[in-house]
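Take a look at the structure below.
The values are calculated or read from the model by the stated rules, or taken from the named source; none is laboratory data. These numbers come from a predicted model, not from an experiment. Every residue, glycine among them, receives a Cβ derived from its backbone with ideal geometry; neighbour counts consider all protein chains shown.
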Amino acid sequence: MFDSSMLVLGAANPLAALLCVVVVMLPIGLLIGAVILRASSSLFNKFASFDEDSPYRVPEPSMMNAMGILLLSTIANGIVGFMIRAIAGATGLIQVGPEGVDRGGEMILNLVTLPVSFVIFSAIVSSMLPTTFKRAMGVVLCQYLIVFALAIVIGLLVFLVVIATRAA
């Protein structure tokens, strides 16, 4: 029997949780990411001072194309990240115990995979948009800047809400 309580991520049925992720969270995340990717290509063109009719301009991808770029990038980065984590765990570079990877090891792995993810994402952008790898790196850098700025704003909002609820 399928009911709305199965869509809760803490549901006892793991298939229901997977269904919720694939049907609800993935499209929403891809839409948000596509808007950010389109904004980052526009921001890169402004930073590089490319006119509307410049042949060097990075074209803004359509929503579906941007969602495809993000989906491919997520899959590729997931595979490479898994391989890096498996190698680091197997060689003893990080401590893996029954609870998983320790906090320091997790941070080191995230820092190691960040430049790798940057290169992979830049390669996918340059292959799916008519632009060079160098310009794609600029677009991805602009996307990282936008995401970082959004994370700061959301973090400040959460901080203010927590402070306001404690004061009340």
How many residues of region 113-168 are assigned to a loop (DSSP other than H, G, I, E, B), aliphatic (A, V, I, L, M) and surrounded by 10 or more Cβ atoms within 10 Å (Cβ to Cβ)? The answer is 1
Can you find a residue that is exposed (fewer than 12 other Cβ atoms within 10 Å of the Cβ), assigned to a loop (DSSP other than H, G, I, E, B) and either at negative phi or among the hydroxyl-bearing types (Ser, Thr, Tyr) (or both) anywhere in region 25-45? no
Picking from Val58, Val35, the residue that is over 21 Å from Leu114 (Cβ atoms) and at pLDDT 95 or above would be Val35
Being modelled with pLDDT under 90 and of a type in the set (Val, Ile, Thr) narrows Ile108, Ile146, Ile124 down to just Ile108
Given (1) farther than 30 Å from Ser127 by Cβ; (2) modelled with pLDDT of 90 or more, Asn45 misses just (1)
Only one of Ile69, Ile84 is part of a helix (DSSP H, G or I), closer than 17 Å to Pro130 by Cβ and of a type in the set (A, V, I, L, M), namely Ile69
Restricting attention to region 36-63, the residues that are in contact (Cβ under 8 Å) with a residue 24 or more places away in the chain, farther than 13 Å from Pro130 by Cβ and not small (Gly, Ala, Ser) number exactly 7
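Could you pull out the residue among Met6, Met67 that is modelled with pLDDT of 85 or more and not polar (S, T, N, Q)?
Details: Met6 fails: modelled with pLDDT of 85 or more.
Only one candidate qualifies: Met67.
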